[in-house]
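Heads up, the thing below is written out as structure tokens.
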Amino acid sequence: MKMTQTLPAGSQSLTNDEHITNKERLSYGASDFACNIANGMVGTYLMYYYTDVFGLAAGAIGTLFFIARIVDAISGPTWGIMIDRTHTRWGKSRPFFLWFSIPYAIFFILAFSSVPLGPLGKLVWAYVTYIAIDILYLGINIPITSMLPSLTANPQERVRFSTVRQVLATTRATLISIMVLPAVSLLGQGNDKKGFLITAILVAILTAFLLLLTFKNTRERVHPRHQEKLSLKESARALKGNWPWMIISLMYFFFWIGMQTKLQVTVYFFKYNMHNADLASFMLGLQALSLVVIVFTPFLTRHFGKKGTMVIGLGLCVISQLVLGVGAKMMNVPILAGATILGYFGNGFFAGLLPVMLADTVDYGEWKNGVRAEGLVTSFSGIASNLGMGMGGVVTGFLLSMNGYVANHAQTAQALNAIEMNFVWVPFIGFGIGLILMYFYKFDKMQPQIEADLKARHEAA
């Protein structure tokens with residue numbers, strides 16, 4: 001991979017006032033659709049695949065997820081530093097879609113390949129393929145977020161970009177939720193190993209194609225004058241005293257502990273607790289309704305601000321888990337469905353705003369410390385989400401293992417309680433901590449002054 005000092009056209013000024021088209025907005029959104037149609041299948045179904053199809057123990061998978069999070073802690077900042085030190089004719093973040101889309105697709109397929117190995121060989125295979133797709137996912141997902149503050153300096157345009165991104169991401173999530181298990185059944189004809197593999201191949205092809213489309217149709221426009229390659233020490237200055245970044249990163253982490261725990265255990269809950277695995281696809285598919293709130297995010301932020309809108313979203317997530325707990329105890333499908341819908345409404349607000357708030361932390365780092373480090377600053381969104389998702393996997397794996405879960409068997413009362421704990425109460429705690437953290441977020445009040453100061457600096461440079 002060659003990283004040159006050649007900067008994109010227009011880099012000698014803060015912005016290149018090119019007209020931003022809907023084609024570019026849709027192409028940017030396609031990146032998250034692509035990246036997360038694969039990651040959504042990993043996050044929602046890989047643990048189930050490992051335990052109930054590939055034949056690995058839940059405790060062993062919990063350990064794998066824990067080790068993968070250690071790798072994340074190293075690879076995430078590394079990707080961020082690489083972005084900050086990348087200056088090509090295509091920009092800083094865009095080239096990563098070109099370089100890593102196909103390797104990501106290949107390892108994704110391998111992760112769902114049931115190779116005929118012994119127990120140890122299967123575990124090694126799981127370690128190699130899962131950690132590889134985890135690293136490559138960050139190498140693509142971090143640039144999606146780091147590119148946003150470079151696409152435009154206009155706050156409302158950033159919201160539009162992010163809204164399109166989250167609409168497509170939610171569409172992705174809905175398709176994965178609804179289609180994976182039926183696709184596995186249809187394509188496998190009773191052979192889940194074959195079904196998962198063919199489904200993974202189709203998803204991988206679509207993922208690589210859309211990421212390359214994003215590369216082709218987007219442009220990076222915002223470049224601080226005279227800033228080229230940043231050393232690690234220089235990049236890290238953007239984090240010094242950057243309290244909005246600290247709060248957003250922590251909130252992202254705890255939210256994804258809760259969300260990932262809930263997503264990956266949904267199949268278990270409806271298969272074993274409710275004795276109807278088909279309901280899992282239906283419940284997961286209800287997240288399509290979050291589109292209702294995502295498309296209104298730009299309107300709501302103009303009236304309630306980003307903080308206010310985020311508080312509403314996280315509050316709905318917390319309330320939904322309480323209602324879900326009632327539905328789980330009563331084994332009442334309508335209550336479970338209602339709680340799920342309420343939670344996805346809340347998730348819509350969260351998902352639509354978080355990338356925008358991360359872009360704000362880039363501006364804050366430049367304003368406070370004089371360093372614009374999109375890569376390193378936004379890399380922690382990928383780290384925080386992956387750490388959160390991984391810890392969700394760790395919690396799920398160990399709780400199931402410690403409480404006697406046995407794949408494809410009737411579960412003990414203790415195991416059923418562990419599944420319910422993962423489905424209801426671990427997410428409740430994660431969302432609740434995220435809500436508390438928002439109390440300390442004060443960026444919205446400061447943003448007009450920050451924007452004015454940065455504009456003056458750039459004009460004077």
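The values are calculated or read from the model by the stated rules, or taken from the named source; none is laboratory data. Predicted model, so just to flag it, every value in this text is computed and none were measured. No Cβ is skipped: glycine too gets one built from the backbone with ideal geometry, and neighbour counts run over all protein chains shown.
Kindly check whether there is at least one residue in region 440-455 that is under 14 Å from Ile257 (Cα atoms), in a helix (DSSP H, G or I) and touching a Phe, Trp or Tyr at 6+ places or on another chain (Cβ under 8 Å). There is no residue in region 440-455 that is under 14 Å from Ile257 (Cα atoms), in a helix (DSSP H, G or I) and touching a Phe, Trp or Tyr at 6+ places or on another chain (Cβ under 8 Å). Within region 62-86, being outside any helix (DSSP H, G or I) and either β-branched (Val, Ile, Thr) or surrounded by 22 or more Cβ atoms within 10 Å (Cβ to Cβ) (or both) holds for one residue alone: Thr86. With respect to the conditions (1) outside any helix (DSSP H, G or I); (2) free of Cβ contacts under 8 Å to residues at least 40 places away in the same chain; (3) crowded, with 23+ Cβ neighbours inside 10 Å, Val184 lacks only one, and its number is (1).
Among the residues making up region 237-276, a single one is polar (S, T, N, Q), assigned to a helix (DSSP H, G or I) and surrounded by fewer than 20 Cβ atoms within 10 Å (Cβ to Cβ): Asn273. Test Pro298 against the criterion of being assigned to a helix (DSSP H, G or I) and under 23 Å from Ala169 (Cβ atoms), and give yes or no. Yes; evaluated as a whole, the condition is true for this residue.
Scanning region 137-173 for residues that are aliphatic (A, V, I, L, M), over 16 Å from Ser27 (Cβ atoms) and assigned to a helix (DSSP H, G or I) gives Leu138, Ile142, Val159, Ala173. Whenever a residue of region 382-400 is more than 15 Å from Ile247 (Cα to Cα), its partners that are outside any helix (DSSP H, G or I) and at pLDDT 80 or above, lying with C-beta atoms within less than 9 angstrom and at least six residues away or across chains, give the pairs Gly397/Ala57; Leu399/Tyr405. Select from region 401-424 the residues that are more than 15 Å from Phe270 (Cα to Cα) and either touching a Phe, Trp or Tyr at 6+ places or on another chain (Cβ under 7 Å) or crowded, with 18+ Cβ neighbours inside 10 Å (or both) and write down the one among them that is modelled with the highest pLDDT. The residue in question is Asn403. In region 108-119, is there at least one residue being buried (at least 24 other Cβ atoms within 10 Å of the Cβ) and assigned to a loop (DSSP other than H, G, I, E, B)? Yes, there is a match, as at least one residue in region 108-119 is buried (at least 24 other Cβ atoms within 10 Å of the Cβ) and assigned to a loop (DSSP other than H, G, I, E, B). Highlighted here are the helices (runs of 4 or more DSSP H) found entirely within region 348-438 that include at least 2 residues which are closer than 20 Å to Leu56 by Cβ: 374-402, 413-420. If the condition is being among the hydroxyl-bearing types (Ser, Thr, Tyr) and in contact with a Ser or Thr (Cβ under 9 Å, 6 or more places away or on another chain), then region 103-156 contributes Tyr104, Ser113, Thr129, Thr145, Ser146, Ser150, Thr152. State which residue is farthest from Gly43 (Cα to Cα) when the search covers only region 287-317 and only residues that are buried (at least 21 other Cβ atoms within 10 Å of the Cβ), hydrophobic (A, V, I, L, M, F, W, C) and in contact (Cβ under 8 Å) with a residue 60 or more places away in the chain. Out of the qualifying residues, it is Met310.
Quick one: which of Leu123, Leu168, Leu197, Leu213 is under 25 Å from His19 (Cα atoms), at pLDDT 90 or above and hydrophobic (A, V, I, L, M, F, W, C)?
On the way: Leu123 fails: under 25 Å from His19 (Cα atoms); Leu168 fails: at pLDDT 90 or above; Leu197 fails: under 25 Å from His19 (Cα atoms).
Being under 25 Å from His19 (Cα atoms), at pLDDT 90 or above and hydrophobic (A, V, I, L, M, F, W, C) holds for just one of Leu123, Leu168, Leu197, Leu213, which is Leu213.
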